[in-house]
Amino acid sequence: MKRGLLPLLWVSAVVGAADPALEHAANDYRQHCQSCHGANRFGGTGPALLPESLSRIKPDEIRSVIQNGRPASQMAGFANVFNPAQIDALVSYLQQPPTTAPTWSNDEIRGSHSMFADINKLPNTPQHGADPLNLFVVVEAGDHHINILDGDRFEVLARFTSHFAVHGGPKFSPDGRFVYVASRDGWVSLYDLHNLKLIAEVRAGLNTRNLAVSKDGRWVLVGNYLPGNLVVLDARDLSLVKTIPAIGQDGTASRVSAVYTAPPRDSFIVALKDVKEVWELSSAGTPDFEPRRIEAEDMLDDFSFSPDYKQLLATSRKAKGGQVIDLDSGKVVTDIPLPGMPHLGSGTYWKRNGQWVFATPNISKGLISVIDFKTWKLIKEIPTLGPGFFMRSHVNSRYAWTDVFFGPDNDAIHLIDKQTLEIARTLRPMPGKTAAHVEFTRDGRHLLLSIWATDGALIVYDSDTLEEIKRIPMNKPSGKYNVGNKIEFVEGTSH
Ligand code: DHE
């Protein structure tokens, strides 16, 4: 195996470990932190504290958590234990890779596996009065909880603790009974929506990107940054089936950017972050999960599909920001102009003048890119009040809703008219607080929007009149996912 990115980082860490301040910090860590965060910083009752786990948190925030603790968690403040210099040294220490390169073996995966209930002994019909296909799974990121919400009455039916930092869309079994949730720390949870019960958990990796469920609902595929691999789990109980190292054809070790299921192809599609390859793994029949390798022209960060799943649209750092790959021929079709590194799986598509268009906000530029799925030409760039993360719609909605996640106007939500491609309305549901991520009810008559703040809320709107129907207080609600929309892979939502 060629030396990949992680071993390189590790070599630099070993050099850094000679620094006396870092050595003191390592002692402080052993004495005060490791009982919760693990001897090797892989996590325990507290989250993992590896550079990969902390990369999204600013040093000042890490400093503040060490000093003051984290509300609504077991993390106490250490201002009375460490002086400011010790805290600074700890912050630097936590951002260094550990002296021994982190590994997570098949035995460790198996050792982390827990079963909480036997699905064969539970009723296989919904044990609540709500429509099982109009439930929402709502991630409450502020205090690491998941809510199960009745999408007709807009009431929370159940609420349970998640692992640290759930990220990406939970995925469902084809009948909508089970939901699979992945956290950035590598934990995968299996929850029964008929019985409102946690069934099983396993730690599939140390730092996970996302997961996908096969078309037939038999397999869960987890894509990891750390270690760079794919993990196949049995969807019935999350037991380990196989791990597949993400190694390119030339032997280069890679991280996994994202995994998705492509139902019409009965396969999983995987993008690799450090080698120019896309993999297709068949899930039909009795799969061997051997990848079919497709050469890309660049490393891919994330991707989305055309409505027929024949092509994938990927964000790449080169070219014009995006690349289209035909999955049958395995050839790059064209580059597409996506200038601002979109969070691509969060774009959406709809029909305009009889043609499919794809639209996505851009993380680093305040504009929506609208692209024709047939010609791959840019139809329009719609300027917005700032860069955004998510865009959502529904076949029964006139509008595509998109957020302004970054900048002074992060409390604004634009409603784009899907035919004129103009901003039809701009709402400010809770002035001064970030408004983001929308998901429609199954019939598209209502939608749920997050106020992404500690004292935030889930706001329910009538999607036609735009009247506010209900406001449910929540702590940083992030993504929300409607069971029916997801299992039917409908237009307008993420897949
Ligand atoms: Fe996400 C989905 C990648 C930062 C919230 N994000 C995804 C997916 C990928 C991805 C590949 C699709 C997974 C899926 O649904 O199966 N996200 C990335 C990044 O590369 C990026 C830019 C940097 C990173 O550190 O990972 C990133 N994402 C964020 C955030 O900062 C957000 C806003 C807060 C958070 O929770 O980390 C965020 N990402 C989300 C959400 C989804 C998501 C809520 C699911 C959207 C959906 O509707 O399906």
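Brief remarks on what is shown
- When Rg and the Kirkwood Rh are both derived from Cα coordinates, the Rg/Rh ratio for the stretch 275-399 amounts to 0.99.
- Taking a point 7 Å out from the Cα of ASP328 in the direction of its Cβ, the residues of the stretch 295-321 whose backbone N falls within less than 18 Å of it are 295, 305-313.
- Full-extension gain in nm, ASP150 to ASP250, via 0.36 nm per residue minus C-alpha separation: 31.0 nm
- Distance from the Cα centroid of the stretch 45-115 to that of the stretch 302-373 is 36 Å (rounded to whole angstrom).
- Radius of gyration and maximum dimension Dmax of the stretch 184-269, Cα, Å: 13.2, 48
- Diffusion constant of the stretch 345-495 at 25 °C, which comes from Stokes-Einstein with the Kirkwood Cα-pair radius and 0.890 mPa s, µm²/s: 162
- Extended-chain gain in nm, criterion 0.36 nm per residue less alpha-carbon gap, ASN80 and GLU381: 103.1 nm
- Rounded D (µm²/s) - the chain, Kirkwood Rh over Cα pairs, Stokes-Einstein at 37 °C, 0.692 mPa s: 141
- The stretch 36-185: Cα Rg divided by the 2.2 N^0.38 Å rule of thumb: 1.30
- Applying 1/(1 + (r/R0)^6) with r as the Cβ-Cβ distance of ASP464 and GLU23 and R0 = 51 angstrom yields a FRET efficiency of 0.20.
- A full extension of the chain between ASP455 and THR161 corresponds to an added length of 104.0 nm, given 0.36 nm per residue minus the alpha carbon distance.
- Candidate cross-link partners of LYS121 among the lysines, defined by an alpha-carbon separation under 22 Å and a same-chain spacing of 8 or more, comprise LYS197.
- Prolate/oblate/rounded call for the stretch 413-495, Cα gyration tensor, a/c under 1.5 rounded: oblate
- Most positive-pole-ward Cα, ASN396, ILE371, ALA424, against dipole of the stretch 345-495 from beta carbon charges: ILE371
- The simple spin-label model puts a point 7 Å past each Cα toward its Cβ; for ASP237 and ALA101 those points are separated by 3.4 nm.
- Calculated over the stretch 61-135, the projected area of the Cα convex hull averaged across directions stands at 10.2 nm².
- Three-way shape label, the stretch 221-328, alpha-carbon gyration tensor, a/c 1.5: oblate
- Greater than 26 Å apart at Cα, pairs in LYS215/LYS418; LYS276/LYS380; LYS215/LYS273; LYS242/LYS273: LYS215/LYS418; LYS276/LYS380
- At a probe radius of 1.4 angstrom, the accessible area of the chain per residue rounds to 41 square angstrom.
The values are calculated or read from the model by the stated rules, or taken from the named source; none is laboratory data. Keep in mind it's a predicted model, so treat the numbers as computed, not measured. Backbone-built Cβ (ideal geometry, glycine too); neighbour counts: all protein chains shown. Only protein heavy atoms, including side chains, enter the accessible area calculation; ligands, DNA and RNA are left aside. Shrake-Rupley method; radii C 1.70, N 1.55, O 1.52, S 1.80 Å.
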